[in-house]
Structure formats: C-alpha cells, structure tokens
Amino acid sequence: DKEARVYLALLPRHDVGSTKIIRATGLHGQFVYDSLARLEEMGLAKHVIQNGRKKFSANTPMRILSLLE
C-alpha cells in the first residue's frame, strides 16, 4: 500500500525530492525512503543526483506488466 502511494505520487512528477513525496503521500519519511528503495529495486523508480541531492522519478507503468509476466 505504501509503495503504491509513493509510486502514484511520483507518476505526475519528474525529478522530485523526497520532501515533496512525503507531503504528497502524507506518509512518514522513513516509509517513503523505504518505499523508494524498493521501487528502485523493482525498476519502477529511478533517481538522479542534482546539486548533491537525490531526485526521484517514476519509470513507465509498463514496467508493472513486465513484473507480472
């Protein structure tokens, strides 16, 4: 449930910091960080480093279909 909320919060955004994801989901920061790590492991999210900070983006929802197959 938490991972889904984080993924859905990422979808309309590009290169967003964790603070904005925390605000958008209403989840505790540690839940967001853990969910982002799991989403990256599954290939559903990615990050880049900008000005020394991680910025996150969602990968295409088509990745979910490939995970189900």
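Per-atom-type breakdown for the chain gives carbon and sulfur 53% of the accessible area (1.4 Å probe, protein chains only).
In the chain, helices alone account for a calculated mean residue ellipticity at 222 nm of -16000 deg cm²/dmol, with every DSSP H run of four or more residues adding -39,500 (n - 2.57). Summarised in one figure, the compactness ratio Rg/Rh of the chain, Cα atoms and Kirkwood Rh, is 0.95.
Charged side chains reduced to their Cβ positions (Lys and Arg at +1, Asp and Glu at -1) give the chain a dipole of some 340 debye around its Cα centre. If the chain linking Lys2 and Ile64 were pulled fully straight, counting 0.36 nm for each residue of separation and taking away their Cα-Cα distance, it would gain 20.7 nm.
The 3J(HN,Hα) values that the Karplus relation (6.51, -1.76, 1.60; θ = phi - 60°) gives for region 8-23 are, in residue order, 5, 6, 6, 3, x, 10, 9, 6, 10, x, 5, 4, 5, 5, 4, 5 Hz. Gly and Pro appear as x. Each residue of region 31-36 is assigned a 3J(HN,Hα), and the resulting list reads 4, 5, 4, 5, 5, 4 Hz, derived from the Karplus form 6.51 cos²θ - 1.76 cosθ + 1.60 (θ = phi - 60°), x at Gly and Pro. Projecting the Cα positions of Ala37, Ala24, Leu68 onto the charge dipole of region 4-69 (unit charges on Cβ atoms of Lys, Arg, Asp and Glu, taken about the Cα centre) puts Ala24 furthest along the positive direction.
Using the heavy atoms of the protein chains and a 1.4 angstrom probe, tell me the accessible area per residue for the chain in square angstrom.
On the way: 4590 Å² over 69 residues.
Roughly 66 Å² per residue, with all protein chains present.
The values are calculated or read from the model by the stated rules, or taken from the named source; none is laboratory data. If you're wondering where the values come from, they're calculated on a predicted model, not measured in any experiment. Cβ atoms come from the backbone with ideal geometry, glycine included; neighbour counts cover every protein chain shown. In case anyone asks, the SASA skips ligands and DNA or RNA and just uses the protein heavy atoms, side chains included. Shrake-Rupley method; radii C 1.70, N 1.55, O 1.52, S 1.80 Å.
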